[in-house]
1. Of everything in the range 132-166, what is under 15 Å from the mean Cα position of the chain (by Cα) and either over 26 Å from residue 195 (Cβ atoms) or at pLDDT below 95 (or both)? Give them in sequence order.
2. Within the range 16-71, track down each residue that is closer than 23 Å to residue 89 by Cα and of a type in the set (Asp, Glu).
3. Of a type outside the set (S, T, N, Q) and at pLDDT below 95: is that true of residue 220 in this structure?
4. Restricting to the range 14-34, name every residue that is more than 24 Å from residue 80 (Cβ to Cβ) and at pLDDT 95 or above.
5. Picking from 28, 22, which residue would you name as being surrounded by fewer than 19 Cβ atoms within 10 Å (Cβ to Cβ) and either of a type outside the set (Lys, Arg) or over 24 Å from residue 210 (Cα atoms) (or both)?
6. Filter the range 32-64 down to the residues that are free of Cβ contacts under 8 Å to residues at least 40 places away in the same chain and not small (Gly, Ala, Ser), then identify the one that is surrounded by the most Cβ atoms within 10 Å (Cβ to Cβ).
7. Looking only at residues in the range 198-213 that are at pLDDT 95 or above and under 18 Å from the mean Cα position of the chain (by Cα), which one is farthest from residue 107 (Cα to Cα)?
8. If we only count helices (runs of 4 or more DSSP H) wholly inside the range 138-251, which ones have 1 or more residues that are touching a residue at least 40 places away in the same chain (Cβ under 8 Å)?
Amino acid sequence: MQNPYLPYPVRIDELEVATEDKSLKTFKFVFLNEGDEEKFAYQAGQFAELSVPGVGEIPIGIASSPVEKGFVKFTVFKAGVVTSHMHAMQAGDVMGIRGPLGNWYPWDMLEGKNILIVGGGFAFTTLRSSIIYMLDPANRGRFGNIDVIYGARTPGMLLYKDELVEWEKRDDINVHLTIDAPVEGWDYNVGFVPPVTEEKAPEADKDTYAIVCGPPVMIKFTLPVLEKLGYTDDQIIMSLENRMKCGFGMCGRCGIGKELVCKDGPVFTLGELNKTPREH
């Protein structure tokens, strides 16, 4: 059994600048040891700790999907010591991945349901994983309608642009992109995610669920919109991945009431979160 405190050694196979301001890079890792990829069996919605020896480790949502084989992907925002070090690394460099950690989006429960995905900014990583998972030929028939609403400040801040274009061409998924303010040449929606959600999202019935991931201010103003559209608290699924630190619940940083987000989450329904103490 793999010691959960020890990372799997991985090599950076490819890396690319993901946004126009160069604050995000997408890393494609391959496992160095035979069998480690199989041991690192994950579900869409989980996270892992990216480990740089002598520097530290950081919790990041897994951007690749379980149906993508031979590699694992993470999109990393340059924000601190570890992420800055990673942004300076090159293809061929070796580091570690510890995990997978946390729970995941409840795919068994969502089978046969219509899925609305609402994302904002660079919190789109596990949502990409989820979309790739649902669109896989082996899985697409397990789900009903798929609607995606994804917003960023500018076109250049949208992640996974090539895939967004490909998804838009499909007839088995509805993709609605939006930016905060008008830009010449932009032919899609303009406006913040909440009002675009009110305009474009399907109204809820008992077979429709929403997965929401984004910056706190987006979530704050999106939740009332979903309530207006008929989504109950148990039909809204959220990820608190941004609260992670150690990944084991040892440091206590992710505690909310009796829940430890890294062990009991990071995925919760809004109904579950409403039972926890409010932050002041």
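1. Within the range 132-166, 132, 133 meet the criteria.
2. Within the range 16-71, 16, 20, 21, 36, 37, 49, 57 meet the criteria.
3. On the way: of a type outside the set (S, T, N, Q): yes; at pLDDT below 95: yes.
Considered against the rule, which asks whether it is of a type outside the set (S, T, N, Q) and at pLDDT below 95, residue 220 comes out as yes.
4. Taking the range 14-34 and keeping what is more than 24 Å from residue 80 (Cβ to Cβ), we get 30-34.
Matches in the range 14-34: 30, 31, 32, 33.
5. On the way: 28 fails: surrounded by fewer than 19 Cβ atoms within 10 Å (Cβ to Cβ).
Just one listed residue meets the conditions, 22.
6. The initial filter retains those residues of the range 32-64 that are free of Cβ contacts under 8 Å to residues at least 40 places away in the same chain, namely 33-39, 54-56, 58.
Pick out the ones that are also not small (Gly, Ala, Ser) and you get 33-34, 36-39, 55, 58.
On the way: 33: 10, 34: 7, 36: 15, 37: 17, 38: 9, 39: 12, 55: 14, 58: 23.
Checked the range 32-64; the qualifying residue surrounded by the most Cβ atoms within 10 Å (Cβ to Cβ) is 58.
7. The residue in question is 212.
8. On the way: elements: 161-169, 193-200, 216-228.
Filter on the range 138-251 gives 193-200, 216-228.
The values are calculated or read from the model by the stated rules, or taken from the named source; none is laboratory data. Predicted, not measured: the structure shown is a model, and the values here were computed from it. Note: ideal-geometry Cβ built from the backbone for every residue, glycine included; neighbour counts use all protein chains shown.
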